Every structure is written in structure tokens, then in C-alpha cells.
Amino acid sequence: MPKTRQDSWTEKEDILLADVVLQSISDGSTQLQAFEEVGKQLSRTSAACGFRWNSYVRRQFKSEIEAAKAKRKQIKIGRSLVETSITEPSSEEGKVYEEINNHQFEGIVHYLKEIYNKSKLLDHHRKVGDSPEKELKKKINGLSKQNNDLQKELHSKEEAYKGLVDLMEQARRMVENK
């Protein structure tokens, strides 16, 4: 089945895209594989997913991307430590391992705080009923009203201008006839 959807992206689709890409980054996989996976789930092309990620979604998840990269790096370092340590780790290696675990924990806490704050903001918007679409509709209605008022004002000024030109033309004719 060809994947040729051209409808707009929903918030749920953006979140799915972000989740899969962030997990891919954390696991050390490629973003291209994540785009293909999301594309299959959403019946979109991997190119469309990549474009959406790079043009819009990525900017909203900067801290999460950094946390995922840090997690990936820590996992690689942890694997390296496990693979290279045949004997008990030296005190220096133990310090490095402890530092990695502390940094990983801080990154996870930061990531979870970001998610919590975003969910609170989303809940607030849902309770208040202020969706981005409603805000845009309010702005559009306000601008439309302002446009109508300006059109009316322009029309009245054009009428006044025509009246003034007619009056001047009458005055010119009166002066010529004398």
C-alpha cells in the first residue's frame, strides 16, 4: 500500500514521532530507522517523518534529545567498562562508574521533569479550553473584524474624497463661466 498521506500532523502523531526518535537516539540506533518505524505506524513516508522531525518537532524536544544522547553515551561507556574489566575495578574506574551513574540519574530526572511540566501545561490548556486552534481562531476573528472596520473607514473616506473632488469641479466650472 503506498504511503502518500498529505493531511496535517496531529499532536499525538508528533508525540509518537518524538518518542520513537528519542528512544532510537537513546538505544544508539539511527534516526532514519526511527522515521521508517513511525512511517509504518502512521502510514506516512519515512521522508515525511524526517521532514516533520527536522522542521518542527525536534525544536520542541531539545532537552530530551540531550538527555537521550547522554544516556546513549553512558550506556556505551558502561558497556565498555563491563567489557574491559575482567578483574575487580580499580578505585579510579569505580569513581568513573559512580560519576556516570550520578550523571545518568540527573539526566533522567531532568527528562522526567520536562515531561511532567509539558503534561501540566497540556492539562491546563485542556481544562481552560485554550487549544492553539482556538487561540488562532480568536486572532483570525479579531483581525477579520479589524479588517472590516478598516474597509468601512476606507469606503467612507473614498466617498468623502469623491464629494470633495465633485465640489472642486463645480467651483472650477463656476469660475470658468463667470
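Can you find a residue in the stretch 20-40 that is free of Cβ contacts under 8 Å to residues at least 40 places away in the same chain, more than 25 Å from residue 112 (Cα to Cα), open to solvent by less than 40 Å² (accessible area, probe 1.4 Å) and not in a loop (DSSP other than H, G, I, E, B)?
Within the stretch 20-40, one or more residues are free of Cβ contacts under 8 Å to residues at least 40 places away in the same chain, more than 25 Å from residue 112 (Cα to Cα), open to solvent by less than 40 Å² (accessible area, probe 1.4 Å) and not in a loop (DSSP other than H, G, I, E, B).
Would you check which residues across the stretch 41-75 are among the small types (Gly, Ala, Ser) and assigned to a helix (DSSP H, G or I) and list them?
46, 47, 48, 50, 55, 63, 67, 68, 70
Does any residue of the stretch 148-157 turn out to be charged (D, E, K, R), open to solvent by less than 100 Å² (accessible area, probe 1.4 Å) and at pLDDT 90 or above?
Yes, there is a match, as at least one residue in the stretch 148-157 is charged (D, E, K, R), open to solvent by less than 100 Å² (accessible area, probe 1.4 Å) and at pLDDT 90 or above.
Considering only the stretch 127-145, state which residues are under 18 Å from the mean Cα position of the chain (by Cα), modelled with pLDDT of 70 or more and either open to solvent by 100 Å² or more (accessible area, probe 1.4 Å) or under 16 Å from residue 10 (Cα atoms) (or both). So that I can check it myself, show each step before the final result.
Looking only at the stretch 127-145, we keep the residues that are under 18 Å from the mean Cα position of the chain (by Cα), and these are 130-136.
Next, only the ones that are modelled with pLDDT of 70 or more stay: 133-136.
Scanning the stretch 127-145 gives 133, 134, 136.
The values are calculated or read from the model by the stated rules, or taken from the named source; none is laboratory data. Bear in mind the structure is a predicted one, so any value in this text is a computation, not a measurement. Heads up, the Cβs are rebuilt from the backbone with ideal geometry, glycines too, and the neighbour counts pull from every protein chain shown. Areas reflect the complete protein model, heavy atoms only, side chains present, ligands, DNA and RNA absent. Shrake-Rupley method; radii C 1.70, N 1.55, O 1.52, S 1.80 Å.
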